[in-house]
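The values are calculated or read from the model by the stated rules, or taken from the named source; none is laboratory data. Keep in mind that this is a model prediction, so the values were computed, not measured. Don't worry about glycine lacking a Cβ; one is built from the backbone with ideal geometry, like all the others, and counts go over all protein chains shown.
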Amino acid sequence: MGKVFILLKLDYQRLLLILLLVHGSMSNTHKLLNVSIDQWLDGLLGVESAKLRPVVDWRSSVPVRVDLSVLSVLGVDEKNERLILYVLYTQGWRDERLKWDPSHYGGVLRVTIPAHRIWVPDIILYEMANTEAEPQFSHASVTHDGWVEIRKPRLLESSCPLNLYHFPLDQHMCNLTFLSQSHTAREVEVSWGSDEAGLFSRGEWEVVSLSVVSPLQTAQYFNTSVIRLQICVRRTPLLYMVTLLLPSALLLVLDLLAFLIPVYLKQRLGVMVTIYSGHFIFIIVIFTLFPPFTVQLPLIGEGT
């Protein structure tokens, strides 16, 4: 019995030792699999990765989704025919190299990295009328399936032909054309991200509509993918109507009252001169409110 007990004790110790070794090897394997996500990104992202298109097969294109929300219409430069918008601009694409298994990296599903370390599509505004100051720090959101998205506010100053004939009840239709600066349509495909655009404009100008002219086409002379939007802005005429209608109505009433003054009174001439002086000053004020016109005088100017 003593020998049997000793043999059973030795077998138990061997079994315990085997279990400890197996557990140790499994924990080491688990530690190897759970490498830090930042170490993996440091090894993957380099100087060259930010210059190359994120595709495995170079014959395939990179679909880029563009989205735009108008936060405010900062102004319309009638003299230079420019539209100034403050928008929330979003562009997203899929990077085939930035994919990982979340189970191997502590369950991380999404990371935020500096945008200068990855490839970013060079989408520009074709009607840009001024140099755009890029933010000093820009970051990109990357998910485990390789979807990259950059969202940032932008100040867009685009050229737009203006028709001021119906001032101050004028509205203008402007084009916003987004295209890739250096990639052809076979390399980068630009598309509109959402069916409805966000419109949050308040102030002197309001946004009537923002629509897509053609979802996907090729730009003439550029051979690049294009997404063209049409934005319709309208002037809110309340300030101008109050400034124009109330003084003109008051002057009209004074004109009618002046005719009721008897002719033999000497004060009649002074009142008439004062009213005509008021008309002259009012016309000068109206023309100071007019935007600069180059082709045709506004309708309200012709009426005065």
Legend entry - Residue under evaluation Tyr165, criteria (1) over 30 Å from Tyr240 (Cα atoms); (2) of a type in the set (Ser, Thr, Tyr); (3) not in a strand (DSSP E or B), criterion not met: (1)
Inset, instruction - Check segment 89-103 and report whether any residue there is part of a strand (DSSP E or B), more than 30 Å from Leu245 (Cβ to Cβ), in contact with an Asp or Glu (Cβ under 7 Å, 6 or more places away or on another chain) and at pLDDT 90 or above. - result: yes
Legend entry - Number of positions in segment 168-197 that are part of a loop (DSSP other than H, G, I, E, B) and of a type in the set (Ser, Thr, Tyr): 3
Inset, instruction - Please work out which one of (1) in the same structural domain as Val226 (by TED's automatic domain parsing); (2) surrounded by 13 or more Cβ atoms within 10 Å (Cβ to Cβ); (3) in a loop (DSSP other than H, G, I, E, B) is the condition Val55 fails and give its number. - result: (1)
